[in-house]
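Novice: Next up is a structure, given as structure tokens.
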Amino acid sequence: MLGASLGHKQCWFSDQSRSVLTHSLVLTCPEKFSEHKFVFDHEMLISFSVIILRIYLVRHARTEWNDRGIWQGNVDIPLNEEGIKQAEKLADRFSKVSVDAIYTSPLMRSYQTAEKIASRFFIQPMRESSLRECEISLWNGLTMKETLERFGPFYKEWSTNPKAKIDGVESLGDVQKRLVERIEQIIKEPFENVVVVSHALAIRMVICWVLDLPIPLHRNFRIENASITTIEIESRPRLVCLNDTCHLEE
């Protein structure tokens, strides 16, 4: 076994692991949630750095339109009574985390959710238009059944072709592009824990980016209202937790 001491911390990796090293290795230390990246040259420890950021992707809490099962898109719908309760439970959950910044879609349902979380930290949520939901005015206010009956071919094109050009509907490729550009900007900020309050489609676009999946596969992920999806950034983004709603059961 080869060990590396970091002050009072001790990290270990096996000879088998060492045998496959070329230039770098990521080690996990016994202290939870602490990771260290080491760079080796001819088995000599040259340098290390701690590089980690957690981004908590939060879907807004419930609205009346969620209860009715109809598309909301960029229609500015507020939280309903249940949604306000969910947002308060989110705030309780995040009170255990040292949150550095909160970014939110400007839509009311997201901003209200973000406000509840921010109240525990005495910080102001920052509205970001790039975090808004996909523009789907062609079928806003319709159920999925009604959408397929009235706009079936358009919906199929939009949901399977990330570059689809349909009047009144934003392509999923464009949604992913603006979300990822904003996430990449956040990564450059000197933060450790950031909350991003957004929408189901928007969050699924980020997940596809993190997992390097084709955009149409976003439908394989379920993102509930007031759920938390966590990604970590070290040398690259990785998905840590998907659609966590355990706080809603308390």
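Novice: Once the Cα gyration tensor of region 46-127 is found, what semi-axes does its equivalent ellipsoid get, as square roots of 5 times the eigenvalues, in whole Å, sorted largest first?
Specialist: Numbers: eigenvalues 163, 41, 25 Å².
Gyration-tensor ellipsoid for region 46-127: 29, 14, 11 Å.
Novice: Got a sec? How would Phe154, Phe122, Phe94, Phe191 order by Cβ neighbour count within 10 Å, fewest to most? Present the calculation step by step, with values, prior to reporting the outcome.
Specialist: Values: Phe154 18, Phe122 6, Phe94 22, Phe191 14.
So the residues, fewest neighbours to most, are Phe122, Phe191, Phe154, Phe94.
Novice: Is region 53-249 rounded, prolate or oblate when judged by the Cα gyration tensor, a ≥ b ≥ c being the square roots of its eigenvalues, rounded requiring a/c under 1.5 and prolate requiring a/b larger than b/c?
Specialist: On the way: a/c = 1.92, a/b = 1.32, b/c = 1.45.
Because a/c hits 1.5 or more and a/b fails to exceed b/c, region 53-249 counts as oblate.
Novice: Sorted from fewest to most neighbouring beta carbons within 10 Å, what does the list Thr230, Thr63, Thr147, Thr104 look like? Walk me through the numbers on the way to the answer.
Specialist: On the way: Thr230 16, Thr63 22, Thr147 19, Thr104 26.
Neighbour counts put them in this order, fewest first: Thr230, Thr147, Thr63, Thr104.
Novice: In which sequence would His60, His199 go, from the one with the fewest C-beta neighbours within 10 Å to the one with the most?
Specialist: Numbers: His60 31, His199 24.
Lowest count first: His199, His60.
Novice: Now, a different point. Amide H neighbours of Asn74 under 5 Å, counting only residues 5+ apart in sequence or on other chains, H built in-plane at 1.01 Å?
Specialist: The answer is Ile136.
Novice: About the Cα centre of region 53-249, how large is the charge dipole given +1 on each Lys and Arg Cβ and -1 on each Asp and Glu Cβ? Please answer in debye to the nearest 20. Let's see the in-between values first.
Specialist: Values: 27 positive and 28 negative charges, 49 e Å.
Charge dipole, region 53-249, about its Cα centre: 240 debye, nearest 20.
Novice: Still on this structure: Provide the per-residue ³J(HN,Hα) series for region 173-186, in order, calculated from phi with Karplus coefficients 6.51, -1.76, 1.60 and θ = phi - 60°, each as a whole number of Hz, with x at glycine and proline positions.
Specialist: Values per residue, Gly and Pro as x: x, 5, 4, 4, 4, 6, 5, 5, 4, 6, 4, 5, 5, 4 Hz.
Novice: Relative to the present Cα-Cα distance, how much length would full extension add between Asp167 and Ser235 at 0.36 nm per residue of separation? Before the final figure, lay out each step's value.
Specialist: Values: separation 68, 0.36 × 68 = 24.48 nm, distance 3.90 nm.
Here the segment from Asp167 to Ser235 would lengthen by 20.6 nm.
Novice: Each residue of region 138-148 in turn: what ³J(HN,Hα) in whole Hz from Karplus with 6.51, -1.76, 1.60 and θ = phi - 60°, glycine and Pro shown as x?
Specialist: Taking θ as phi minus 60°, the curve returns 4, 10, 4, x, 9, 7, 4, 4, 5, 4, 5 Hz for region 138-148.
Novice: Let me ask something additional. Loop-only trypsin sites (Lys or Arg not before Pro) in region 123-220, please: DSSP not H, G, I, E or B, and at most 11 other Cβ atoms within 10 Å. Walk me through the numbers on the way to the answer.
Specialist: Numbers: sites: Arg127, Arg132, Lys145, Arg150, Lys156, Lys163, Lys165, Lys177, Arg178, Arg182, Lys188, Arg204, Arg219; in loops: Arg132, Lys163, Lys165, Lys188.
Hits after loop and neighbour filter: Lys163, Lys165, Lys188.
Novice: Now a separate question. Among residues other than Arg178 whose Cβ falls under 12 Å from its Cβ, what is the net charge (Lys/Arg +1, Asp/Glu -1)? The partial results should precede the final answer.
Specialist: On the way: positive: Arg132, Lys177, Arg182; negative: Glu128, Glu133, Glu135, Glu170, Asp174, Glu181, Glu184.
Within the 12 Å Cβ shell, the charges total -4.
No lab work stands behind these numbers, since they all come straight from the coordinates. Being a predicted model, the structure only gives us computed values, none of them experimental. With ideal geometry, Cβ positions are generated from the backbone for all residues, glycine too; neighbour counts draw on all protein chains shown.
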